[in-house]
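The values are calculated or read from the model by the stated rules, or taken from the named source; none is laboratory data. Predicted model, so just to flag it, every value in this text is computed and none were measured. Note that each Cβ is placed from the backbone with ideal geometry, even for glycine, and that neighbours are counted across all protein chains shown. All accessible areas refer to the heavy atoms of the entire protein, side chains included, with ligands and DNA or RNA removed. Shrake-Rupley method; radii C 1.70, N 1.55, O 1.52, S 1.80 Å.
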Amino acid sequence: ILAFNTATNRLLGRLGPNEHRQAVTAIAFQPASMTAFSASADRTVKLWAVDQLAYIDTVFGHQDDVLSLAAPAADRCVSVGGRDRTMRLWKIVEESQLVFRLSESDGGSLDEVVAVCNNNNNNQNQKFITASDTGRISVWSAGRKKPVLTIPAHSSPITTLVCPEATDILISGGSDGP
């Protein structure tokens, strides 16, 4: 994992030395704490101090490749683990995690996640949106273990999600074409 300074067009260096054992599948950055989170096919999420190019910690729990990450706060990270059908909210300071599981009836895998900013700083109201390979989008609340809402959005796997900051807009993309 490499860090760059785009203002100076300079390579800052390699984050390490405790790199993942398999391919890195996602990276999320939390600017307030200068912390990066990396996900991997090795089923782990690693934390990095970008300003020091230093490894901080590794969190474990997913039973499949970790495919997507979001960093909604300096001390939190959310990840999805593909075929294990879980979303995990990692509470870094408390060294704990909340596990959110997609029901058997929803099937498929969780492949993408985005965090939706909350306006009142209440972590129980934090919302997350996941996308699956069945074309469904699910809205989750940190205060509930099951989706608040699940909608069939695409006729094929959803490959990307974006929720632009300071908006109520969600944009999804899939392989179902025009």
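Structure above, values below:
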| quantity | calculated |
| --- | --- |
| Identity of the residue in the range 74-96, crowded, with 19+ Cβ neighbours inside 10 Å and of a type outside the set (A, V, I, L, M, F, W, C), that ends up nearest to residue 31 (Cα to Cα) | 76 |
| Selected residue [modelled with pLDDT of 90 or more, among the acidic types (Asp, Glu) and out of contact with any Lys or Arg (no Cβ under 6 Å at 6 or more places or on another chain)] from 104, 94 | 94 |
| Qualifying positions in the range 125-143 - within 19 Å of residue 67 (Cα to Cα) and part of a loop (DSSP other than H, G, I, E, B) | 133, 134, 135 |
| For residue 15: the one exception among (1) open to solvent by less than 10 Å² (accessible area, probe 1.4 Å); (2) under 22 Å from residue 143 (Cβ atoms); (3) among the hydrophobic types (A, V, I, L, M, F, W, C) | (2) |
| Filter result (over 16 Å from residue 56 (Cβ atoms), assigned to a strand (DSSP E or B) and modelled with pLDDT under 90) within the range 66-81 | 72 |
| Any pair with Cβ under 6 angstrom, 6 or more apart, that starts in the range 10-29 at a residue that is within 21 Å of residue 76 (Cα to Cα) and of a type in the set (Phe, Trp, Tyr) and ends at one that is in a strand (DSSP E or B) and open to solvent by less than 70 Å² (accessible area, probe 1.4 Å) | 29/36 |
| Those residues of the range 48-63 which are over 27 Å from residue 82 (Cβ atoms) and either open to solvent by 60 Å² or more (accessible area, probe 1.4 Å) or assigned to a loop (DSSP other than H, G, I, E, B) (or both), in sequence order | 51, 52, 53 |
| Selection within the range 30-80 - in contact (Cβ under 8 Å) with a residue 24 or more places away in the chain and in contact with a helix residue (DSSP H, G or I) (Cβ under 8 Å, 6 or more places away or on another chain) | 35, 36, 73, 76 |
| Number of the exception - residue 38 against (1) in a loop (DSSP other than H, G, I, E, B); (2) at pLDDT 95 or above | (1) |
| Residue in the range 144-153 that is in contact with a Lys or Arg (Cβ under 9 Å, 6 or more places away or on another chain), modelled with pLDDT of 90 or more, under 21 Å from residue 71 (Cβ atoms) and assigned to a strand (DSSP E or B) present | no |
